[in-house]
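Working notes for the structure below.
The values are calculated or read from the model by the stated rules, or taken from the named source; none is laboratory data. As the structure is a prediction and not an experimental result, all values here were calculated from the model. Don't worry about glycine lacking a Cβ; one is built from the backbone with ideal geometry, like all the others, and counts go over all protein chains shown.
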Amino acid sequence: MLLRSVRTSLYFILVLAAARFTHADTIPDLGTGIQETLQSLQPAEWNQINAGRHPALTIGGRITIEGCQSYPYHDNNSEELGFHRLASDLVAGLQQGLQCMAGLGPMGRLHPYHEQNARRLIYLLNDDSGKVLRCVEDRTFAYAVAHPAEAPGADNEILIDTYRISGFLSRKFDRATYRDFFNLSEPLIEDHLTGKPLHVDGMHRYRKLPALMFHEVTHWLGYEHTNLTADVVDLYETCCFAGSDHISDAAINRGFQQRACGILKDPDLWQANQSNRKKLWYSKRYYRLKREIRKASD
């Protein structure tokens, strides 16, 4: 039976935070805003969705985690563990990422543009919009996909594919693809399709899960991936979480981290309007960072 745990005193913190943070500009002290937001996400309450057929965990009374019993690597010994692991990774990612954006992390102060983004994210996390993290299995070709709310009353959503995070081979290919492209024998193909999915060489298992959670939440601010101008989401993950999850060499990652943080500190880039920012992105050759990270990946 799923356990229900509510910490009443922390719900008062949530109510006070929601009342205080009525707009991003009403968060005068970022350190306090971050701390109060993280504290307000501690209470956890179990509920049921889809007519009681599936459990969901709500944290802080406003972020719902659905279908995550297998998160992250399909090796949990209880149904509840995956939900709690995701909640823990989310809070850890928000703590490290928000502190970095606010200039309170080890990489020092970024441009004030990013402090304002930290305020915007704190406000979003405390407002009454729907926020759902939903786990799926073998449904996407990405580790996770974020969908910001597109209209009032709509949810901010993140789909987390536990097959992709685990580095599992998809079950959606035909047998010829497994045989000819992945060089699997017929017994292995059968095991893959009917038993536990296979993890094969070249399939990456995501390790920095708090970084991934923060990466996806920053999409809720409306940023999309691009190389035509500054990719804020990728820059935050690289700077705030010590490089790329796809690179195991710490020294190489430190170099990419320093470059990403340098870009986030550049006053010319962040004071420019969108049109001039695109020009600076190319004239300063910042677009090369993403390409070089891909090239250096394991």
L235 vs. criteria assigned to a helix (DSSP H, G or I), at pLDDT 95 or above and not assigned by TED's automatic domain parsing to the domain that holds Q274 | no
Quick check: is even one residue across the stretch 217-225 surrounded by 22 or more Cβ atoms within 10 Å (Cβ to Cβ) and either in a helix (DSSP H, G or I) or not assigned by TED's automatic domain parsing to the domain that holds Y113 (or both)?
-> yes
Looking at the stretch 238-256, which of its residues are in a helix (DSSP H, G or I) and crowded, with 20+ Cβ neighbours inside 10 Å?
-> T238, C239, C240, N253, F256
Those residues of the stretch 205-216 which are assigned to a loop (DSSP other than H, G, I, E, B) and under 17 Å from L98 (Cβ atoms), in sequence order | K208
Going by the conditions given, is D245 among the charged types (D, E, K, R), at pLDDT 95 or above and either more than 23 Å from V91 (Cβ to Cβ) or assigned by TED's automatic domain parsing to the domain that holds L90 (or both)?
-> no
Would a scan of the stretch 129-137 turn up a residue that is over 21 Å from S40 (Cα atoms) and of a type in the set (G, A, S)?
-> no
